[in-house]
Each structure stands twice: as structure tokens, then as C-alpha cells.
Amino acid sequence: TTNSAIARMENGVPTIKKSDTLKDTFPSCIHFNKKKDVIVGDTAYNIMKNDNARALKTFEKGKTNTFIEFKRTMGTTHTYESSHMGKSFTSEELSAEILKTLKSVVIDENINSIVITVPAKFLNPQNDATKNAAKLLGFKHIELLHEPVAAATAYGLGSKNKDGFWLVFDFGGGTFDAALIKADEGILAVK
């Protein structure tokens, strides 16, 4: 909910693709400037911090054109109004901008299928909204994977011990998830 990243399998190994700032992740933050440009990630986050600091000095908080934590409102009717764009955006539309930026990091392949990790507490409305965000970009096949299961899967790829119970803690930027996973011959099941 707070940060985003993209990875893909390369020669059988999951590889995180670096952002334009050469980081593994970037803030899930979007800014619309007066020229109607869409700015995503660290630059948008820095603009938000500067706007907040300016608001503290002047005791005025104007309408913002920078949005963060919109993933928390996935599956709701909440919208985000941008005066620079002259319209309101849904959480799905803002999430699609994040996905578009992530997709742009991979330049040597046309991506048609995607696996998106979501917080374990996401219910059907949030999951459907997440899939809708990916559909806005034209992805043909979309799978959702709960974040603790994704972590267990990543751990299991390199683990020598493929059997037993794993307790997975996910200390995210905006959520805390925990899952008890049973691994049986490399097959994972959430208990």
C-alpha cells in the first residue's frame, strides 16, 4: 500500500527490477503538475513533502495534486480530485498509473500477464478493484497473490527444507500481515 516494486523471473531466479532512481521500490505516490504531466514515485513524494512543509509555514493547506495511500480505498467509491487535471480519479485509476510506471521499467519484453501482491486483509471489492486497475492497462491475465503467501513462496524457492509450518510476518509500510503456512513437498497452503 505504501511502496511498489516489480520483479520477474530471469533464468529461474526472481529478479527485482530497479526503478529510475536505481532503488528496489518507489513510493506509491502520484503528482499531477500544471502541465498535466503524471509524476510517479520518489519525485512525486518529494513534491508532497515540500507542499506539506510549505503548508506548515503558511498555515494554509490548499488543494493537493499529490496522492498517496490511495490503495487503502480500493474497492470504494472514494475519489481524488486534481485541480491541475480538472477531474477526479478513482483508486483504480491511480493504481493503474503505478502499474504503468512499473511496467515501463521492463523495456525488453511486452508484458501481457501479471501477478500482483495484495495485503492479506483485502476482500473481494479490493481484489476486484486491483484487477480492474490492471485491466485499465490492457493486461490479459491477472493473478492476485496475498503478500504473506508471496513472501513464503519467495522463501521456499531457495529453502532446503520444503516441509513444515512457516510463520510469515509482513511488516509493510501501511499494513501488518501474518500467515501460518504449511509447506508439504514444496506445495504451500495458508492455514
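Taking 18 Å as the straight-line reach from the Cα of K18, the aspartates and glutamates in range (excluding those fewer than 8 positions away in the same chain) are E10, D42, E97, D108, E109. Taking each residue as 0.36 nm, the span from V115 to T2 lengthens on full extension beyond its C-alpha to C-alpha distance by 38.9 nm.
Solvent exposure of the chain, expressed per residue, is 62 Å² of accessible area, with all protein chains present and a 1.4 angstrom probe. Here's the list of lysines a cross-link from K191 could span, going by alpha-carbon distance under 30 Å and ignoring same-chain residues fewer than 8 apart: K71, K121, K131, K160, K162, K182.
If one computes P(r) from the Cα atoms of region 54-134, what percent of pairs lie at distances over 17 Å? Could you put the intermediate results ahead of the total?
On the way: 1803 of 3240 pairs.
Cα-Cα pairs in region 54-134 separated by more than 17 Å: 56 percent.
Placing R0 at 45 angstrom, the Cβ-Cβ distance between T43 and K162 gives a FRET efficiency of 0.60 after rounding to 0.05.
Legend: P(r) of region 96-140 from all alpha carbon pair distances, 5 Å bins from 0, whole percents, reading 5, 20, 31, 23, 13, 6, 2. Approximating the spin labels as points 7 Å out from Cα along Cα→Cβ, the A55-to-E143 distance works out to 4.0 nm.
Of the heavy-atom accessible surface of region 79-179 (probe 1.4 angstrom), what whole percent is carbon and sulfur?
Carbon and sulfur together cover 55 percent of it.
Using a simple spin-label model with pseudo-atoms 7 Å out from Cα toward Cβ, V105 and L180 lie 3.4 nm apart. 3J(HN,Hα) along region 115-125, derived from phi through the Karplus expression 6.51 cos²θ - 1.76 cosθ + 1.60 where θ = phi - 60°, amounts to 10, 10, 8, 10, x, 4, 7, 4, 9, 3, x Hz, with x in place of Gly and Pro.
Based on a Kirkwood Rh over C-alpha pairs, give the Stokes-Einstein translational diffusion coefficient of region 1-146 at 4 °C and viscosity 1.567 mPa s in µm²/s.
Reported coefficient: 80 µm²/s.
Spatial offset of region 109-141 relative to region 2-51 amounts to 17 Å, using the alpha carbon center of each.
Taking every DSSP bridge with both residues inside the chain, close to 85 percent are antiparallel.
The values are calculated or read from the model by the stated rules, or taken from the named source; none is laboratory data. Just so it is clear, the model here is predicted, and its values are computed rather than measured. Note that each Cβ is placed from the backbone with ideal geometry, even for glycine, and that neighbours are counted across all protein chains shown. Heads up: the accessible areas ignore ligands, DNA and RNA and are worked out on the full protein's heavy atoms, side chains in. Shrake-Rupley method; radii C 1.70, N 1.55, O 1.52, S 1.80 Å.
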